[in-house]
């Protein structure tokens, strides 16, 4: 069975604004991996309305904590204003394989989270960056759980069965009880 284009896309950043008047876009990268973007010749933008469009990538450079992109065929600020807020995606084949015990966010979203004692907490609905470590927002059981993405808590990720097993830190789940 062949995957659709949308199922094969991995979000790698968000267009946060424009830069200058010559059609450059400012990108907040999710990974900070400039080399991966410099190696590709086209990118897919998931526009704010949910539609996806493929564009040639002319240049990408680092600029402080963000990247500057120039898309082929765009050379004025007015041409790119409508792209602000878009998510920049790459096809899975354009990305390096993640290291052992590393995962693309897209692969973790929707995983069922279970404690090491068999309690089903719910599914990962979102992932938040905090600087020190990511936080998984798990929806279920009438609660939203905030689960730290650290080795002491996340003990197993099984993409084949779509489950994540955690060993909760002392008191982590009790704070959600009424």
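The values are calculated or read from the model by the stated rules, or taken from the named source; none is laboratory data. Bear in mind the structure is a predicted one, so any value in this text is a computation, not a measurement. Quick reminder, even Gly has a Cβ in these numbers, built from the backbone with ideal geometry, and neighbours come from all protein chains shown.
Quick grid of which residues meet (1) exposed (fewer than 15 other Cβ atoms within 10 Å of the Cβ); (2) closer than 24 Å to residue 128 by Cβ:
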{"residue": "11", "(1), (2)": "no, yes"}
{"residue": "24", "(1), (2)": "no, no"}
{"residue": "36", "(1), (2)": "no, yes"}
{"residue": "56", "(1), (2)": "yes, no"}
{"residue": "78", "(1), (2)": "yes, no"}
{"residue": "83", "(1), (2)": "no, no"}
{"residue": "91", "(1), (2)": "no, no"}
{"residue": "94", "(1), (2)": "no, no"}
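Inspect the stretch 63-70 for any residue being more than 30 Å from residue 155 (Cβ to Cβ), assigned to a strand (DSSP E or B), touching a helix residue (DSSP H, G or I) at 6+ places or on another chain (Cβ under 6 Å) and without any contact (Cβ under 8 Å) to a residue 60 or more places away in the chain and give the result as yes or no. There is no residue in the stretch 63-70 that is more than 30 Å from residue 155 (Cβ to Cβ), assigned to a strand (DSSP E or B), touching a helix residue (DSSP H, G or I) at 6+ places or on another chain (Cβ under 6 Å) and without any contact (Cβ under 8 Å) to a residue 60 or more places away in the chain.
Can you pull out the residues in the stretch 155-167 that are in a loop (DSSP other than H, G, I, E, B) and touching a strand residue (DSSP E or B) at 6+ places or on another chain (Cβ under 9 Å)? Spell out how you get there, then give the answer.
We begin by selecting, within the stretch 155-167, every residue in a loop (DSSP other than H, G, I, E, B); these are 159-162, 167.
161, 162, 167, listed by residue number.
Matching residues to (1) crowded, with 16+ Cβ neighbours inside 10 Å; (2) assigned by TED's automatic domain parsing to the domain that holds residue 31; (3) out of contact with any helix residue (DSSP H, G or I) (no Cβ under 9 Å at 6 or more places or on another chain):
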position: 119; (1), (2), (3): no, no, yes
position: 124; (1), (2), (3): yes, no, no
position: 130; (1), (2), (3): no, no, yes
position: 144; (1), (2), (3): no, no, no
position: 159; (1), (2), (3): no, no, no
position: 164; (1), (2), (3): yes, no, no
position: 171; (1), (2), (3): no, no, yes
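State whether one or more residues within the stretch 166-175 are under 23 Å from the mean Cα position of the chain (by Cα) and modelled with pLDDT of 95 or more.
Step one: of the stretch 166-175, the residues under 23 Å from the mean Cα position of the chain (by Cα) are 166.
Checking the rest, the ones that are also modelled with pLDDT of 95 or more come to 166.
Scanning the stretch 166-175, I find at least one residue that is under 23 Å from the mean Cα position of the chain (by Cα) and modelled with pLDDT of 95 or more, so the answer is yes.
Can you find a residue in the stretch 120-140 that is in a loop (DSSP other than H, G, I, E, B) and under 30 Å from residue 55 (Cα atoms)? Within the stretch 120-140, none of the residues are in a loop (DSSP other than H, G, I, E, B) and under 30 Å from residue 55 (Cα atoms). The single condition among (1) in contact with a strand residue (DSSP E or B) (Cβ under 6 Å, 6 or more places away or on another chain); (2) on the phi > 0 side of the Ramachandran plot that residue 56 does not meet is (2).
For residue 152, the stated conditions do not hold, so it cannot be described as free of Cβ contacts under 8 Å to residues at least 60 places away in the same chain and in a strand (DSSP E or B).
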